[in-house]
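The values are calculated or read from the model by the stated rules, or taken from the named source; none is laboratory data. These numbers were taken from a predicted model, which means no experiment stands behind them. All Cβ positions, even for glycine, are placed from backbone atoms using ideal geometry, and neighbour counts span all protein chains on display.
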Amino acid sequence: MRRLPTSPAPRPVVSHRSAWRLVGGILTVAWLAPGAGCDTAAIAPSTQALEPGAPAPPAHRLSPTRALRRMTLALLDREPSPEQYRALLDAPDDAARDALLAASADDALRSSAFEDVMIRYGHEVLRTTRYDQGAHEGSWSGDASIWMRACGESTLHAGALGVFNDGYPGMGDETGLCDDPAARTDAVEPWWAPGTSVTTIGRAGSGVREHDGTDCGRVEVSPYGVRFPDRPETPFCSCGPNLIHCAPIHVAPGLGDGRNLDLDGSLEWQRRQVFEEPARLFAHIVVNDRPLSDLVLGDYTVVTRDLQHMYVRLARQNSVNRALDDDPWWREVTDGAAWREVRFSQMFPTLLDDRHYAHDPRATTEPPRGVPSAGVMTTLGQLAAFPRERVRAARWLEILGCRNFVPPPADVEFPPYRRDPGTEGVCAHCHQLIDPVAIHFKRFGWDGTNAQLYVGGIGDHRWDALCETCDPRSRWQSAYVHDTWMTPVSEADLAEHPDARFIDFLPEGRRLFGQTSDGTIGPLGFGRMLVESGEFDRCAVRRLSERFAGRALEPGRDDARIDALVARFVAAGRVVRPFLRGLLGDDSFREGF
């Protein structure tokens, strides 16, 4: 290696140029004579190795300390400790050093710090955005709960919880009850504090659930807040059994009343938790050695107590889920802030456990029992992040299938666009793939302004029961056009069965990734074809290799490597930690530059 002189001679009029090289991890520089370039004899040994037919230069094998650093940065996002470096340097031989590296990898993969890395990586990959985007700043209506506030300390009924002006204009104000000696009070065990009792004032604890056909569990939501379905002049609704229709206000220091304000708030805030859920489900699958395919095929997610209540309340906005009012799920929660695994069907009965549920709305007027849950694709955060069926399809194809959507070549001609972007016009370049996926997400309607989730064709969300001029029906009317790729239903079928527009499986004769549908409806039907085709596995190993081995694998260029990693991944049951352990042990991981 040529060294730079400690005191370089004065530079000549014609400037020297320098060639920088990375040798053994050390950046060095060699001075070139005036007029020399990168094709001169000054660096001939490097160029000779690249001549046609010449052998490739030997890869530099990382030293044990550099291998430890690379591995620790990959798994834990931090440097190794001085003690780890010292142990490697003091090891008597290569076998001992390799054993220390292997033990360090195993310890890292079992650590809580690795779980934190998986949560951050989950956020990066799944691209969840903020929830309740249409709400006014500072308001929170996403929980579909009536807010309860406590009487002031100086009042007669200090601390009693009541429904005091829910934040909805014209709701009325019952705070006068706090100093009324004749006001009704009740002792109630609340869902948010099992085994305890709170005092309620006014109608909150009366237990009234229904009056003259009005279901008190189905609240009215707006960007300004949530209110009971009764009216200020004739209030009768209560907070239901164990106050399940309501939630206590969380006061944020310095921010006043407001249950949750934004994503950068505390993890104790529900609005932040719904954003966290998809990434934490990803991490939960990884650190518990579940198949990564559970991300799209699983019937479970992870929730806190408040987030589970949010699922319950959104499900309860459809009267078919009325039985949730009497489900004491909250008594089983010992730590309200802890993230724990729960099946979707326990919180949102319309999200079914059945892994092969089929229903053809063209053949019957009977509604389906529900839609099968499908891992991260049926979490509230992701349904809100990708609020329309075609957007969901495109994003999941990018995230789970590693597909990129780019404009078509200029010389490609398409049939004129008339009514179907899946087959006509330049849009067909992407929509011929997007629309066969979008069909699986059609039942999930999102009212972004009011943060409400609809499951089309079921109970209160059947076509004829929905408001004609309101979201989501008004948008569905224009988006679900008969005899198109996304809505393969005739105009006659729609006239006879309006709910047939919600067809959410790939019909006979259509293929996706070379696969035909087995009839499973909803996002799970898409997930099954994605996994069975191998597209999920190929995308997963590409992403994991890029993140943890430091190299992006490209189809065409790296097909052999991708195929080998897919075979290893599938053979290991699609469990991520053993797969990563194998990546770290590959010779390629120890190669330098």
Single match in ALA337, ALA315 (criterion: over 23 Å from LEU76 (Cα atoms) and at pLDDT below 95): ALA337
Within the stretch 275-315, restricting attention to residues that are assigned to a helix (DSSP H, G or I) and of a type in the set (Asp, Glu), which residue is surrounded by the fewest Cβ atoms within 10 Å (Cβ to Cβ)? ASP294
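So for the stretch 449-467 (the condition being polar (S, T, N, Q), over 24 Å from the mean Cα position of the chain (by Cα), assigned to a loop (DSSP other than H, G, I, E, B) and assigned by TED's automatic domain parsing to the domain that holds GLY422), does at least one residue qualify?
Checked the stretch 449-467: no residue is polar (S, T, N, Q), over 24 Å from the mean Cα position of the chain (by Cα), assigned to a loop (DSSP other than H, G, I, E, B) and assigned by TED's automatic domain parsing to the domain that holds GLY422.
Yes/no per residue for (1) modelled with pLDDT of 90 or more; (2) closer than 22 Å to ARG316 by Cβ; (3) under 34 Å from the mean Cα position of the chain (by Cα):
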| position | (1), (2), (3) |
| --- | --- |
| GLY207 | yes, yes, no |
| GLY213 | no, yes, no |
| GLY225 | no, yes, yes |
| ASP230 | no, yes, no |
| ARG259 | no, yes, yes |
| LEU267 | no, no, yes |
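For the stretch 425-438, state whether one or more residues are β-branched (Val, Ile, Thr) and either closer than 18 Å to VAL221 by Cα or surrounded by fewer than 21 Cβ atoms within 10 Å (Cβ to Cβ) (or both).
The answer is yes, given that some residue of the stretch 425-438 is β-branched (Val, Ile, Thr) and either closer than 18 Å to VAL221 by Cα or surrounded by fewer than 21 Cβ atoms within 10 Å (Cβ to Cβ) (or both).
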Neighbours by Cβ (under 9 Å, 6+ apart or cross-chain): first from the stretch 373-399, under 23 Å from GLN432 (Cα atoms); second part of a helix (DSSP H, G or I) and polar (S, T, N, Q): ARG392/GLN382; ARG395/GLN382; TRP396/GLN382
Take the residues in the stretch 307-345 that are in contact (Cβ under 8 Å) with a residue 40 or more places away in the chain and of a type in the set (Asp, Glu); name whichever of them is nearest to VAL286 (Cα to Cα). GLU341
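Quick grid of which residues meet (1) more than 24 Å from the chain's Cα centre (by Cα); (2) surrounded by 18 or more Cβ atoms within 10 Å (Cβ to Cβ); (3) not polar (S, T, N, Q):
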| residue | (1), (2), (3) |
| --- | --- |
| ALA337 | no, no, yes |
| THR350 | no, yes, no |
| TYR357 | no, yes, yes |
| ARG362 | yes, no, yes |
| LEU380 | no, yes, yes |
| TRP396 | no, yes, yes |
